Amino acid sequence: MNAPYFDRQSRAPRGPAARSITSALGLVAGAVLLPLVLTSCAGAGVGAGAPASPAGSPAGNVSGDATLQKLNDTAAAKYSAYVEDQVDQLVAGTKAFAAAFADGNAATARSLYAPTRMHWERIEPVAEAFGDLDPKLDLRQADLAPGEQWTGWHRAEKDLFAPAGYQPMTTSERAVLAKQLVADTEDLRRRTRTVTLTADKLGNGAKELLDEVATGKVTGEEETWSHTDLWDFQANVDGARTAFEILRPALQQNNAGLATELDSKFAALQTELKKHAKGDGFAYYGELTPVQVQKLAALVDALGEPLSRLTSAVVQ
Amino acid sequence: MSQVSRRGLLSLAGAGGVGAAAGLAAGFLGHDAVAEAAGPANDTVAFYGDRQSGITTPAQDRLHMAAFDVITEDRAELIQLLKDWTEAAAALTAGRETGSTGAVGGPADAPPEDTGEALGLNAARLTLTFGFGPTLFEKDGTGRFGLAGRRPEALIDLPHFPGDGLQEQRTGGDLVVQACSDDPQVAVHAIRNLARIGFGKTRVRWSQLGFGRTSSTSRSQQTPRNLFGFKDGTSNVKAEDAGLLDAHVWVPGGGKATEAWMEGGSYLVARRIRMHIEIWDRTSLREQESLIGRTKAEGAPLSGGTEFTAPDFDAKGPDQETLIARDSHVRVAHPSHNNGVRMLRRGYNFTDGSDGLGHLDAGLFFIAFVKDPRTHYVPMQLAMARQDTLSVEYLQHTGSGLFAVPPGVRPGGFFGEGLFTA
Ligand code: HEM
């Protein structure tokens, strides 16, 4: 089966949201390896943006297949490092968030909410592979089954960005939720260390991240109360773009035209998204005009089409 | 009621040389060619009978369904409405105009009784199927129309399902009318005229057009395709399966006396399901097939065989994975994973314009008839919302309704009569 990232079976309902702007890449960069990644993806954060030119170019005269296999293996190793790095930051950020939340320090918790979740959103398809963890960490209220217990980020979100008439959580409820959030995230870290990635999973994961943007972020459905959908949006794009950059050497060899097209479509989307950057983060979803949302949606679709051809181009 | 069929009326007008009829007659001839292919006797579906038509009737090509809120609280007015609708339905399904003077036979200074857009068209196998929603019986805990205590237990308030994005203006309703026909104009004409008859007593709460059937309900029919491009209806419960219909679709006798009026009826589940078709179209063929559990070309199960071969959920490929993925739609919906339950599906493809973000607002208007939604719908929908990746990633339910569909009508009777007399 060509499951998207890993194992579809386990997939739980829709995805989550997003976060901070600390450039993904910056981080990654720090993380060693991937010179490539650094460049391009970095664009991510509100900041920069210019896609970078690929670093390495494919090897010389080895047989095509063997070369491709090697390129793809390298790509998988690089992406694993990216995932590792993001999960580490997610764990650290979650601990800080959970502490503030449990202490009733709402202002701090609110400020950490979206930036921390960005680490989750960047690698969402990987996290979704663990069918039990995804719902525990990232279920929206609208995704709950009758009688199901609600934990995770969005439970905290509702408490922090409470709608009118909302009954706040008690101190002890907050403590329990915070503890669970940290424990589940640490569990996620443990489990991601054992995952094996392949080039097709990278390609499909990139497409899925864009799908998430198209159905959940650009519509403002993900962050019902915090309205921080654009953080998620950026993080999903970061994750997709990182996968693309890492796959670029193989893509360059097999379909250079598609690489060029993806470069320009990623850049166009990033440019538009950057227009909504504010301070350390972004405008809230509700601050966007319908015309602005339509523009973003059109650029997501424009990227989604060629991105959906990435996998077949690198595994052919 | 006009006694002449719409076609007969026009033929007469044409023969009489009435100038104004010429243009109409031309259109009429065009349709007649189609009618001939079907054979005149096949134009109409019997209206009276033990069961309502539009359930096991071989699924027609088009749908117009409408749910209504009853705005009067007067029991007598409600009963009169049901009588008027029954009378109009008998005429419409026979290909006649509504009212005693029809579309053009009335006084020139009065608005015509029938709206007229079906003049010259035959009945195109029109069926009209009526049902009662939970809110007809009680609203905010108070009984209505003297029906307190009469609401069937199976007519539940559907629970919230994970991922639901139901819109108030597409959900619920006191009454429902399902109009199915091979001609969309005929189906719309029927709903429009019933809505018109209801003015002052009802108002349209929501209405849905379906342009193509996504199900076959008889072995005589070819399996159609839904908007994901897959054959749909392959392993549906069909008109020929009398035993399955009794076991899964018709409400059996022997229940509570207060629910005897539902015996021989059924429950209609309606779900407006938006399909993210743009994203689907970017999904590889292999993934699409794996999500459904069947091949796209022929609709055969991925475990092998042809369209009507039974799926083998244990068959494994060389990689030791099951050939039919565990999260595939067919596996999650199959009776072997649902306590043996079946349903009669009768849905339609729809597109309602666009979503304002550059996509078609398209999907499947899911309709199913079951004998009890508590056992035959809710558990399966819950399983799908959780385990079926098709559902989780590519679908969103945006509208919903559950209705008690009483048994059929005898000449002189009216829909749901047993509820008001017994
Ligand atoms: C847009 C939504 C849906 C699409 C595109 C879809 C598509 C399909 C397709 C292609 C099949 C295989 C062919 C067949 O046997 O008919 C199928 C089967 C089936 N579907 Fe769906 N479906 C949808 C929604 C639902 C829902 C909401 C339910 C019930 C809760 C459902 C219940 C079933 C059942 C019971 C089967 C037959 C399974 C078997 O016995 O093999 N479907 N569907």
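The values are calculated or read from the model by the stated rules, or taken from the named source; none is laboratory data. Bear in mind the structure is a predicted one, so any value in this text is a computation, not a measurement. Cβ coordinates were reconstructed from backbone atoms using ideal geometry, including for glycine residues, and neighbour counts include every protein chain displayed.
A compact table of results
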read-out: Filter pass, B:A190 being away from the ligand (no atom under 14 Å from the Cβ), among the hydrophobic types (A, V, I, L, M, F, W, C), surrounded by 21 or more Cβ atoms within 10 Å (Cβ to Cβ) and closer than 20 Å to B:T127 by Cβ; value: yes
read-out: Subset of region A:94-134 (residues that are surrounded by fewer than 24 Cβ atoms within 10 Å (Cβ to Cβ) and of a type outside the set (G, A, S)); value: A:K95, A:D103, A:N105, A:T108, A:R110, A:L112, A:P115, A:F130, A:D132, A:L133
read-out: Spans of helices (runs of 4 or more DSSP H) in region B:1-116 with at least 2 residues over 23 Å from B:Y348 (Cβ atoms) and at pLDDT 95 or above; value: B:75-93
read-out: Tally, over region B:349-385, of residues that are more than 12 Å from the ligand (Cβ to nearest atom), within 12 Å of chain A (Cβ to nearest Cβ) and either crowded, with 19+ Cβ neighbours inside 10 Å or in a loop (DSSP other than H, G, I, E, B) (or both); value: 5
read-out: Region B:192-221, residues that are outside any strand (DSSP E or B) and aliphatic (A, V, I, L, M); value: B:L194, B:A195, B:I197
read-out: Identity of the residue in region B:313-336, within 12 Å of the ligand (Cβ to nearest atom) and farther than 21 Å from B:E393 by Cα, that ends up farthest from the other protein chains (Cβ to nearest Cβ); value: B:P335
read-out: Hits in region B:394-412 - residues which are within 12 Å of the ligand (Cβ to nearest atom) and either over 16 Å from the mean Cα position of the chain (by Cα) or not hydroxyl-bearing (S, T, Y) (or both); value: B:Y394, B:L395, B:Q396, B:H397, B:T398
read-out: Qualifying residue in region B:240-255 (condition: within 13 Å of the ligand (Cβ to nearest atom) and either in contact with a Pro (Cβ under 6 Å, 6 or more places away or on another chain) or not aliphatic (A, V, I, L, M) (or both)); value: yes
read-out: Some residue of region A:187-195 being surrounded by fewer than 21 Cβ atoms within 10 Å (Cβ to Cβ) and of a type in the set (A, V, I, L, M); value: yes
read-out: Helices (runs of 4 or more DSSP H) completely within region A:251-316 that count 3 or more residues being farther than 23 Å from A:K201 by Cβ, aliphatic (A, V, I, L, M) and more than 10 Å from every other protein chain (Cβ to nearest Cβ); value: A:256-274
read-out: Qualifying residue in region B:150-170 (condition: surrounded by 19 or more Cβ atoms within 10 Å (Cβ to Cβ) and part of a helix (DSSP H, G or I)); value: yes
read-out: A:V218 being more than 30 Å from A:L71 (Cα to Cα), crowded, with 24+ Cβ neighbours inside 10 Å, β-branched (V, I, T) and in contact (Cβ under 8 Å) with a residue 12 or more places away in the chain; value: yes
read-out: Among (1) over 26 Å from A:E208 (Cα atoms); (2) within 12 Å of chain A (Cβ to nearest Cβ); (3) part of a strand (DSSP E or B), the one test that B:G401 misses; value: (2)
read-out: Scan of region B:203-237 for residues that are near the ligand (Cβ under 10 Å from one of its atoms) and either polar (S, T, N, Q) or more than 17 Å from B:F350 (Cβ to Cβ) (or both), ordered by number; value: B:T214, B:S215, B:S216, B:T223, B:N226, B:K231, B:T234, B:S235, B:N236, B:V237
read-out: Options B:A310, B:A325, B:A297: the member that is part of a loop (DSSP other than H, G, I, E, B), surrounded by 20 or more Cβ atoms within 10 Å (Cβ to Cβ) and at pLDDT 95 or above; value: B:A325
read-out: Test: residue in region B:260-281 that is within 14 Å of the ligand (Cβ to nearest atom), free of Cβ contacts under 8 Å to residues at least 60 places away in the same chain, in a loop (DSSP other than H, G, I, E, B) and within 14 Å of another protein chain (Cβ to nearest Cβ); value: yes
read-out: Test: residue in region B:337-345 that is within 12 Å of another protein chain (Cβ to nearest Cβ), touching an Asp or Glu at 6+ places or on another chain (Cβ under 9 Å) and not in a loop (DSSP other than H, G, I, E, B); value: no
read-out: Residue check for B:R294: near the ligand (Cβ under 10 Å from one of its atoms), in contact (Cβ under 8 Å) with a residue 12 or more places away in the chain and in contact with a helix residue (DSSP H, G or I) (Cβ under 9 Å, 6 or more places away or on another chain); value: yes
read-out: Subset of region B:297-308 (residues that are more than 14 Å from chain A (Cβ to nearest Cβ) and either in contact (Cβ under 8 Å) with a residue 12 or more places away in the chain or within 11 Å of the ligand (Cβ to nearest atom) (or both)); value: B:E298, B:G299, B:A300, B:P301, B:G304, B:E307, B:F308
read-out: Of the criteria (1) crowded, with 23+ Cβ neighbours inside 10 Å; (2) more than 10 Å from chain B (Cβ to nearest Cβ); (3) out of contact with any strand residue (DSSP E or B) (no Cβ under 7 Å at 6 or more places or on another chain); (4) within 27 Å of B:L166 (Cα to Cα), which one A:W231 fails; value: (3)
